[in-house]
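Asks: I have a structure here, written as structure tokens, and I will follow up with some questions on it.
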Amino acid sequence: MSLFWPTMIKREVDDKPIAAQIYVTDQCNLDCHYCTEYDNSVPHPSLEDLKKWISKIRELGCIRIGLQGGEPLMHPDIVDIVRFCKTLDLKTSMSTNGFKLSEKLIEGLEDAGLDSLQVSVDRMTPIPSTRKSLHSVIPKIELLKKSKLRFNITGVLFKDSLGEAKDVLEYGFAEDIPTHARLLHSGLNGTYDVEPGEKAALEEMIDFQASAKMKGKKVHTTASLFEYQRSLLTGKELDWTCVAGYKYFYVSATGKFWLCCINRTPDIDLMDVTPELLRSYSTKKDCQTGCGIYCIVSESLANNHPLKFATREVKDRLQSQSARLFSKLTT
């Protein structure tokens, strides 16, 4: 058995962080209207600086790292960045819009040991507010399907994606690719300002994915996150404590320590972060109401009630896998 999962379980009950997301660049080749996480005026951080920050992340106790931007594939040393993460025995993932993927780059990422790749797709067709469309990246997905890289398709649910989100999901299901679409995060105000009809459509999309998962489709979302997203739309209060800054944190492309990509405090040099500082954030946050940073939310739900979370997810997964097996046996 891999040593990762025993360590992962240990991290849920000790006082060290589990994961960090690091911006390997602020630059991006797209300009999605809802995105605030790119700045093409900022140069790429050097490979030397990134290695220093990644080493600090590992030293603090993290066992997982996510590479993001901007668009991480914009960094000229992205393969070497992945390879360095793996030398530190970090479970390494990456989020990308997929536009810059090529056969050579995919081979490089595979050789470097990238554990998983998340391809962001919002619609079937591009529009001014988001060019992250399936029709634009299907050739890239075909390349990924020929590789050994684990990957999934992910999208955000908002006014401009709702009309075609189900088509994207059904493509992923048909191709047996783990796929999901999640609510666009609300920002620090903690509210979802949508019309009643739009809210109903968003709820329908959440229910569609939950139902598809129970029928054996590869939906890349947990039961706990389905429940959480429904609570965002209905206004139902869930009792949870955000673990941003404690179990999960962000590092900017200039080496600053942030609680998350929305709450960019305390904005101090990562190299000055101590275990004591991390432990000080093991409390509820004023900004956690309405939070749509789902990596943080998921880790918080798991950390708050690890046994309950694990039991629910095992049951959910077994039901989904049983449905998949039954479907194969009857077709």
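Asks: Which number do you get for Rg(Cα) / (2.2 N^0.38 Å) in region 176-309?
Replies: 1.15
Asks: Taking other Cβ within 10 Å of each residue's Cβ, how do Arg131, Arg11, Arg150 sort, fewest first?
Replies: Ranked by crowding around the Cβ, least crowded first: Arg150, Arg131, Arg11.
Asks: If you take the Cα Rg of the chain and divide it by 2.2 N^0.38 Å, with N the number of residues, what do you get?
Replies: Computed over Cα atoms of the chain, the ratio equals 0.96.
Asks: Just subtract the alpha-carbon distance of Asp239 and Leu30 from 0.36 nm times their residue separation and send over the number in nm, one decimal.
Replies: 71.5 nm
Asks: Turning to a different aspect of this structure: Kyte-Doolittle cut-off 0.0, length cut-off 30 Å along the helix's own axis using Cα: show which whole DSSP H helices in the chain pass.
Replies: None pass (Cα extent of 30 Å or more, hydropathy at least 0.0).
Asks: Of all DSSP beta bridges located in the chain, what percent are antiparallel, nearest 5?
Replies: 15 percent
Asks: Another question, then. Just want the ordering: Leu301, Leu233, from fewest to most Cβ atoms lying within 10 Å of their own Cβ.
Replies: Fewest-to-most ranking of Leu301, Leu233: Leu233, Leu301.
Asks: Ok, one more. Ranked from highest to lowest mean number of other Cβ atoms within 10 Å per residue, what is the order of the peptides 105-118, 69-82?
Replies: Per-residue mean Cβ counts within 10 Å order the peptides as 69-82, 105-118.
Asks: In what sequence do Ile65, Ile9 fall when counting other Cβ within 10 Å, fewest first?
Replies: Ile9, Ile65
Asks: Any chance you could check the Cα centroid distance between region 1-74 and region 213-232 for me, in angstrom?
Replies: Each part's Cα centre sits 25 Å from the other's.
Asks: Could I ask something else about it? What is the calculated FRET efficiency for Glu276 to Leu88, with r their C-beta to C-beta distance and R₀ = 30 Å, to the nearest 0.05?
Replies: 0.85
All of the numbers you see were taken from the coordinates with simple rules; none came from a lab. What you see is a predicted model; the values in this text were computed from it and never measured. Please note: Cβ atoms are built from the backbone with ideal geometry, for glycine as well, and neighbour counts cover all protein chains shown.
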